[in-house]
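Input: a single structure, listed below in structure tokens.
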Amino acid sequence: MVHTHLDIGIQSRMNRIINPKDNRVVMLAVDHPYFQGPTTGLRNMSKTISTLLPFCDCLMTTRGAVRNNIAAEDIGSKPIMLRVSGGNSVLFDELSDEKITVTMKEAIRMDASGVAVSVYIGSVNQQQTILNLTGMINEAESYGIPVLAVTAVGKNMARDLRYLGLASRICQDAGARIIKTYYCEEFSRLVDAVSPTPVVVAGGKYSSPPDALRMAYDSVEAGAVGVDFGRNIFQDANPVGMIKAINAIVHENHTTTEAMDIYNEYLPGAVKLD
Ligand code: 5RP
């Protein structure tokens, strides 16, 4: 495809985030403290990042973590997907009350390869969060920065095809360059409905290595470009084995059983993260 000068910046950053050789990505999500404060596996965030950074393609994180928790020698070694929406906390049941928290100037100063905004479709703050997304897209596109939309799910909402498909399609229509959503049954229908916009899958609460690896496998089988897992990696008893096993699925088309073998290779003496 020939690109006009207008989209070279976007394409360049997209290529940093999603490997253009196989159109796949292992993104590591470590943005949880922005609304839940101290988080198991991220209490020593510098250690978590230095341990796992070599094995991810892109780090999804916050301004504070980029500033405080990435070692000086690691800055610039992996593209940053910078979370730029927030303003909520776990102390309120209604998590959807988010606004934009980081300016575009800050994102550029931090050399972000992309910026991430959550939307809460069906919540009382639906319009506010969609306008957070569209406002950020209007600005980010003019600087050649892709926006990733997160289809955040309120506590009582079903994570099914109907809901996630609706939320993802709204994000695509808003102009998101990447959609992050949850896995659901008939996931390929969601991927098809937003094609050609790439989809990455969030891991959700910690489950177990076979379940998390199965979800990664099913996601890419259904057409996702990869995963953006957090807790299922950094809260596992064998985080390095876990992220290596995910890489084998996402980039090398390994089966879940083969990936479990890789996980088990790294189990003896595995370093757990606090
Ligand atoms: C929350 C997010 C988080 O980054 C993401 O959901 C965390 O990943 P995981 O669910 O795998 O721990 O975007 O809205």
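Derivation of every value follows stated rules applied to the coordinates shown; laboratory data play no part. All of these numbers come straight from a predicted model, not from anything done at the bench. No Cβ is skipped: glycine too gets one built from the backbone with ideal geometry, and neighbour counts run over all protein chains shown.
Given an 8 Å cut-off on Cα distances and at least 6 residues of separation, report the relative contact order of the range 17-64 as a percent.
Taking the mean separation of contacting Cα pairs over the length of the range 17-64, I get 53 percent.
Charges on Cβ only, +1 for Lys and Arg, -1 for Asp and Glu, centred on the Cα centroid of the chain; of M27, P198, L131, which one is farthest towards the dipole's positive end?
The residue sitting farthest along the positive end of the dipole is L131.
How do the peptides 245-252, 150-157 rank, highest first, by the average count of neighbouring beta carbon atoms within 10 Å per residue?
Peptide ranking by packing, descending: 245-252, 150-157.
Using a simple charge model, +1 on the beta-carbon of Lys and Arg, -1 on the beta-carbon of Asp and Glu, nothing else, what dipole does the chain show about its Cα centre, in debye to the nearest 20?
Around 520 debye, computed over the chain.
If you filter the range 1-65 for trypsin sites (Lys or Arg not before Pro), then keep DSSP loop positions with at most 13 other Cβ within 10 Å, what is left?
Counting only loop positions with at most 13 other Cβ atoms within 10 Å, the trypsin sites (Lys or Arg not before Pro) in the range 1-65 are K21, R43.
Say R0 is 25 Å: what FRET efficiency, to the nearest 0.05, do Q36 and Q11 get from their beta-carbon distance?
Computed FRET efficiency for Q36 and Q11: 0.15.
Students often get this wrong: which residues of the range 58-77 have the backbone nitrogen under 20 Å from the point 7 angstrom along Cα-to-C-beta of T103?
It comes to 62-68, nothing else.
What do the square roots of 5 times the Cα gyration tensor eigenvalues come to for the chain, in whole Å, largest first, as semi-axes of the equivalent ellipsoid?
26, 21, 20
Please compute the Kirkwood hydrodynamic radius over the range 117-198, one decimal place, Å, based on all pairs of different Cα atoms.
12.7
Suppose the chain between K21 and Q127 were pulled fully straight at 0.36 nm per residue; how much longer would it get relative to their current alpha carbon spacing?
34.4 nm
Would you mind working out the magnitude of the charge dipole of the range 1-45 relative to its Cα centre, with +1 at each Lys and Arg C-beta and -1 at each Asp and Glu C-beta, to the nearest 20 Debye?
Around 120 debye, computed over the range 1-45.
About its Cα centre, how strong a charge dipole does the range 1-134 have in debye, to the nearest 20, once Lys and Arg get +1 and Asp and Glu get -1 at the Cβ?
Its charge dipole is roughly 320 debye.
Where both residues lie in the chain, what percent of DSSP beta bridges are antiparallel, nearest 5?
Approximately 10 percent, going by the DSSP bridge assignments.
Expressed as a rounded percentage, what relative contact order does the range 183-274 have, with Cα pairs under 8 Å and six or more residues apart?
Computed over the range 183-274, the figure is 28 percent.
For the range 144-246, what does the convex hull of the Cα positions come to per residue, in cubic angstrom?
Hull volume normalised by residue count: 106 Å³.
Per residue of the range 252-264, what does 6.51 cos²θ - 1.76 cosθ + 1.60 with θ = phi - 60° give for ³J(HN,Hα)? Whole Hz please, x for Gly and Pro, Karplus curve as stated.
3J(HN,Hα) across the range 252-264, in whole Hz: 10, 6, 6, 7, 5, 5, 4, 5, 5, 4, 5, 3, 5.
Please say if the range 49-202 is rounded, prolate or oblate, where rounded means a/c under 1.5 for a ≥ b ≥ c the square roots of the C-alpha gyration tensor eigenvalues, and otherwise the choice is prolate for a/b larger than b/c and oblate otherwise?
prolate
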